[in-house]
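Peer 1: Mind looking over this structure? Questions follow.
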Amino acid sequence: MKQITYAYDKTDGLVYSRVGREIACPVLQFDKIGQNGDFTGPLEYQLEKSPIQELAHYWPNFVWTKKIPVELKNHHRAFWGMKPLPEVAHA
């Protein structure tokens, strides 16, 4: 059974997830930042796998936590091929 852990980068707030010795990194999709690169549209990120040792120099910036929104957790879980968590009903 896979175990997933989550972290956010305290310098930019981006969320990472780790399974085993790999980490899912959010990579900015520069080609989708508005026409002619004018930065008018929303920023879009795509998750990409990396060995954890490739991010060793960023490790001090990571805050490991379970307090990640379920929607974002489910995005990472889908990336890793895991079933989604149930959404929490809001009162």
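Peer 1: What is the set of long-range amide H partners of LEU14 at a cut-off below 5 Å, with H atoms built 1.01 Å from backbone N?
Peer 2: Amide H neighbours of LEU14, under 5 Å, 5+ apart: ASP9.
Peer 1: Among rounded, prolate and oblate, which fits the chain when a ≥ b ≥ c are the square roots of the eigenvalues of its C-alpha gyration tensor, a/c under 1.5 means rounded, and a/b larger than b/c means prolate?
Peer 2: Since a/c reaches 1.5 but b/c is at least a/b, the shape of the chain is classed as oblate.
Peer 1: Determine the sum of side-chain charges near GLU71: Lys and Arg each +1, Asp and Glu each -1, restricted to other residues whose C-beta is under 11 angstrom from that of GLU71.
Peer 2: My count for the surroundings of GLU71 gives +1.
Peer 1: Right, here's the next one. Under the definition of Cα pairs under 8 Å and six or more residues apart, what whole-number percent is the relative contact order of the chain?
Peer 2: Contact order relative to length: 26 percent.
Peer 1: Another question, then. Checking the cross-link filter: which aspartates and glutamates have an alpha carbon closer than 19 Å to that of LYS66, excluding same-chain neighbours under 8 positions apart?
Peer 2: LYS66 reaches ASP9, ASP12, GLU22, GLU87.
Peer 1: A further question on this structure: Residue farthest toward the positive end of the dipole of the chain, with Cβ of Lys/Arg at +1 and Asp/Glu at -1: which of THR11, ALA78, HIS57?
Peer 2: ALA78
Coordinate-derived values only; no laboratory data. This structure is a prediction, so every number in the text was calculated from the model and none was measured. Note that we place each Cβ from the backbone using ideal geometry, even for glycine, and neighbour counts take in every protein chain shown.
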